[in-house]
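*Asks:* My structure is below; once you've seen it, I'll send some questions.
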Amino acid sequence: MGDRTEPIGTSREIVAADGRRYAFADHNCFACGGENPIGMHLHIELGDGTARARWVGGEDYVGWSDKLHGGIIATLLDEVMAWAPSSFDSWAVTAEMTVRYRSPALPGEELTAEGRVVGRRRRIYEVTGEVSGADGRLVAEGRGRYLGASPSEKASLKDRYGVAPGVGGE
């Protein structure tokens with residue numbers, strides 16, 4: 001995906017344009033949650049319409065013939081693609097996603113996943129993504145549509161994950 005943007009936050013904490021801080025580490029998401037004992041525990045860097053994560057899959061994530069399972073690679077890709085709309089004050093979920101696998105990934109190999117918003121129509125975000133191996137080869141690429149939360153859902157999420165001023169160093 002090439003060009004990098006300056007990080008604006010992470011999957012653990014975002015500071016909104018109005019200065020309000022949101023913390024996400026206290027949830028059970030398989031991909032990025034801090035409380036899931038069997039999860040991937042991804043730490044995602046957020047940029048302007050972008051998201052990026054590095055991850056090393058262990059033997060527990062192997063599928064056929066000592067390769068990382070394709071579903072795990074798809075999860076890694078989906079997660080960065082779902083986080084990419086965050087800079088638009090959007091809390092997005094997957095509506096549709098396609099994945100094309102290009103080369104296998106091995107357990108113990110550091111993978112880099114990147115997602116980028118390439119279009120938007122109302123609450124629907126068009127997002128592309130790639131997973132690359134430690135040597136830079138393309139492991140998988142994807143494209144998807146992600147649905148941003150409705151105004152009422154977004155307000156509820158902000159109430160749930162918002163951190164009171166003065167908590168955590170502000």
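The values are calculated or read from the model by the stated rules, or taken from the named source; none is laboratory data. Remember, predicted model here, so these are calculated numbers, not experimental data. A quick note on method: Cβ atoms are made from the backbone with ideal geometry, for glycine too, and the neighbour counts reach across all protein chains shown. These accessible areas exclude ligands, DNA and RNA; they are computed on the full protein's heavy atoms, side chains included. Shrake-Rupley method; radii C 1.70, N 1.55, O 1.52, S 1.80 Å.
*Asks:* Here are some conditions: (1) modelled with pLDDT of 95 or more; (2) within 12 Å of the chain's Cα centre (by Cα). V99 meets all but one. Which one does it not meet?
*Replies:* Result: V99 fails condition (2) only.
*Asks:* Collect the residues in the range 20-55 that are modelled with pLDDT under 60 and open to solvent by less than 80 Å² (accessible area, probe 1.4 Å), keeping them in residue-number order.
*Replies:* Result: R21, Y22, A23, F24, A25.
*Asks:* Being part of a helix (DSSP H, G or I) and open to solvent by 70 Å² or more (accessible area, probe 1.4 Å) is the filter here, so list the residues in the range 134-155 that pass it.
*Replies:* Once the filter is applied, which keeps residues that are part of a helix (DSSP H, G or I) and open to solvent by 70 Å² or more (accessible area, probe 1.4 Å), the range 134-155 yields P151, S152, E153.
*Asks:* Further question on the same structure: Check A84, A92 and return the single one that is open to solvent by less than 30 Å² (accessible area, probe 1.4 Å), within 16 Å of A74 (Cβ to Cβ) and at pLDDT below 95.
*Replies:* A84
*Asks:* Looking for whichever is open to solvent by 20 Å² or more (accessible area, probe 1.4 Å), in contact with a Pro (Cβ under 6 Å, 6 or more places away or on another chain) and closer than 20 Å to L42 by Cβ here; the options are G63, G58. Which one fits?
*Replies:* Step by step, each of G63, G58 is checked, and only G58 is open to solvent by 20 Å² or more (accessible area, probe 1.4 Å), in contact with a Pro (Cβ under 6 Å, 6 or more places away or on another chain) and closer than 20 Å to L42 by Cβ.
*Asks:* Further, regarding this structure: Quick one: G115 ticks every box in (1) in contact with a Ser or Thr (Cβ under 7 Å, 6 or more places away or on another chain); (2) in a helix (DSSP H, G or I) except a single one, so which number is it?
*Replies:* Only one criterion in (1) in contact with a Ser or Thr (Cβ under 7 Å, 6 or more places away or on another chain); (2) in a helix (DSSP H, G or I) is unmet by G115, namely (2).
*Asks:* If you don't mind, another one. Among the listed residues I72, I124, identify the single one that is out of contact with any strand residue (DSSP E or B) (no Cβ under 8 Å at 6 or more places or on another chain) and in contact (Cβ under 8 Å) with a residue 24 or more places away in the chain.
*Replies:* Within the list I72, I124, the selection yields I72.
*Asks:* Next question. Here are V131, V118: which of them is exposed (fewer than 15 other Cβ atoms within 10 Å of the Cβ) and not charged (D, E, K, R)?
*Replies:* Only one candidate passes the filter, namely V118.
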